[in-house]
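Enquirer: My questions all concern the structure below.
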Amino acid sequence: MEAPVRSRDPHVPQPYRVAAVRRELADVVTLEIEPLSGPRPGFVPGQFNMLYAFGVGEAAISISDETSGAAGFVHTVRTVGAVSEALAGLRAGASLGLRGPFGTGWPVASAEGSDVVIVAGGLGLAPLRPAIEALLARREHYGKLVILVGCRSPDAILYRAQLEHWRQRLDIDIEVTVDHAGTDWHGNVGVVPSLVRRAAFDADDAIALVCGPEVMMRFTASALQEAGLPADKVFLSMERNMKCAVGLCGHCQFGPTFVCKDGPVMRLDRIAPVLVVREI
Ligand SMILES: Cc1cc2nc3c(=O)[nH]c(=O)nc-3n(C[C@H](O)[C@H](O)[C@H](O)COP(=O)(O)OP(=O)(O)OC[C@H]3O[C@@H](n4cnc5c(N)ncnc54)[C@H](O)[C@@H]3O)c2cc1C
Ligand code: FES
């Protein structure tokens with residue numbers, strides 16, 4: 001995994017301002033946020049911030065990009081509860097707090113020379129997007145780049161314009177599949193592990209980066225291993241409820257590990273024994 005970038009003061013939220021808001025899907029918005037004072041801290045793809053909706057609470061949200069000019073962070077938020085609803089309701093000019101970045105990153109640098117297989121389910125594309133951008137920035141240093149995306153339905157495809165933009169490049173294999181669709185959808189239908197079985201990559205020299213709902217990651221990890229990829233070449237981004245994000249409170253415990261500091265990006269061979277256990 002990439003060396004984590006540490007927050008300057010991990011306990012105290014720093015004041016940020018919403019520079020722009022973009023609706024992605026019916027229940028998903030993207031926020032571009034910039035620090036109210038000083039430069040934003042650095043980050044590596046895969047890390048997350050704790051975003052604080054004042055008066056409501058904090059939630060862990062992956063860094064999905066940096067703003068143009070690298071002045072701020074880009075975060076994509078799905079409304080599931082009180083904090084995400086408050087964050088998704090922020091308008092340009094509103095203030096929020098931010099602690100971070102926290103956690104481990106995708107192994108982008110150590111994947112040099114290998115094929116890279118990216119598998120995203122739904123909102124899982126958000127923390128993978130900066131990894132894809134990093135790979136594309138040094139495209140000539142990698143082998144095949146395969147991006148496999150699964151969504152519930154065509155109207156739930158995240159970053160659709162960006163996927164179409166990437167698809168125009170001739171040096172990436174991109175496949176999108178949906179669980180179900182109407183007759184106006186002419187793409188793949190089925191779960192994303194079925195795309196893994198058809199993907200062309202050199203399993204003897206490849207690395208896989210996977211993010212999505214846990215059940216999707218379990219089946220995807222099995223499909224990658226059936227395709228010949230060893231478990232130490234498969235990296236998953238885990239989600240657990242977070243409170244402190246600095247390894248103190250135990251809220252994010254996942255078997256013997258804490259997702260906030262040992263993850264969220266973890267190697268499959270290290271978590272496989274607990275990944276198969278439900279409700280851990
Ligand atoms: C490392 C990490 C990165 C994350 N990145 C993102 C991100 O980029 N964007 C984002 O929107 N969320 C992300 N999350 C999830 C987010 O932190 C939670 O959804 C958070 O609990 C939302 O707080 P809330 O108060 O709105 O909802 P809560 O009150 O915490 O949850 C409301 C209900 O939704 C359920 N729920 C919680 N999380 C999810 C989920 N991810 N999917 C479906 N149901 C859920 C809960 O079980 C509960 O029933 C991330 C979590 C982690 C640990
Ligand atoms: S969130 Fe407190 S230990 Fe991880």
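The values are calculated or read from the model by the stated rules, or taken from the named source; none is laboratory data. The structure presented is a predicted model; accordingly, all values stated were derived computationally and were not measured. Note: ideal-geometry Cβ built from the backbone for every residue, glycine included; neighbour counts use all protein chains shown. Only protein heavy atoms, including side chains, enter the accessible area calculation; ligands, DNA and RNA are left aside. Shrake-Rupley method; radii C 1.70, N 1.55, O 1.52, S 1.80 Å.
Enquirer: Please arrange SER237, SER110 by accessible surface area, largest first, computed with a 1.4 Å probe and ligands excluded.
Expert: Accessible-area ranking of SER237, SER110, largest first: SER110, SER237.
Enquirer: Would you mind working out the magnitude of the charge dipole of segment 1-107 relative to its Cα centre, with +1 at each Lys and Arg C-beta and -1 at each Asp and Glu C-beta, to the nearest 20 Debye?
Expert: 160 debye
Enquirer: Taking the Kirkwood radius as the inverse of the mean 1/r across Cα pairs, report the Rg/Rh of segment 108-263.
Expert: We get a ratio of 0.98 for segment 108-263.
Enquirer: Within segment 47-189, what percent of beta bridges assigned by DSSP are antiparallel, to the nearest 5?
Expert: So the antiparallel bridges in segment 47-189 amount to around 45 percent.
Enquirer: Right, another one. For the chain, give the share of DSSP beta bridges that are antiparallel, in percent and rounded to the nearest 5; count only bridges with both residues there.
Expert: Antiparallel: roughly 60 percent of the beta bridges in the chain.
Enquirer: Moving on to the next point. Say a site is exposed when it is one of the trypsin sites (Lys or Arg not before Pro), sits in a DSSP loop, and has at most 15 other Cβ atoms within 10 Å; what is then the longest site-free stretch of the chain?
Expert: 9-90
Enquirer: Please arrange THR257, THR220 by accessible surface area, largest first, computed with a 1.4 Å probe and ligands excluded.
Expert: The residues order as THR257, THR220, largest area first.
Enquirer: For segment 99-200, which GluC sites (Glu not before Pro) are in a loop by DSSP, counting at most 16 other Cβ atoms within 10 Å?
Expert: GLU112
Enquirer: Where does the chain land at 222 nm, in deg cm²/dmol rounded to the nearest 500, when only DSSP H runs of n ≥ 4 count, each adding -39500 (n - 2.57), divided by all residues?
Expert: -6000 deg cm²/dmol
Enquirer: Moving on to the next point. For GLU34, GLU85, GLU66, give me the order by solvent-accessible area with a 1.4 Å probe, most accessible first, ignoring ligands, DNA and RNA.
Expert: Accessible-area ranking of GLU34, GLU85, GLU66, largest first: GLU85, GLU66, GLU34.
Enquirer: At 1.4 Å probe size, with every protein chain present, just tell me what the per residue accessible area of the chain comes to in Å².
Expert: 44 Å²
Enquirer: Please get the size of the charge dipole for the chain, origin at its Cα centre, with Cβ charges of +1 on Lys and Arg and -1 on Asp and Glu, quoted in debye to the nearest 20.
Expert: 620 debye
Enquirer: For a bin width of 10 Å, list the pair-distance distribution of the chain built from all Cα-Cα distances, rounded to whole %.
Expert: Whole-percent P(r) values from 0 Å outward: 7, 30, 37, 22, 4, 0.
Enquirer: On to the next question. Roughly speaking, to the nearest percent, how much of the chain's 1.4 Å accessible area is carbon and sulfur?
Expert: Looking at the chain in its full context, I get 51 percent from C and S.
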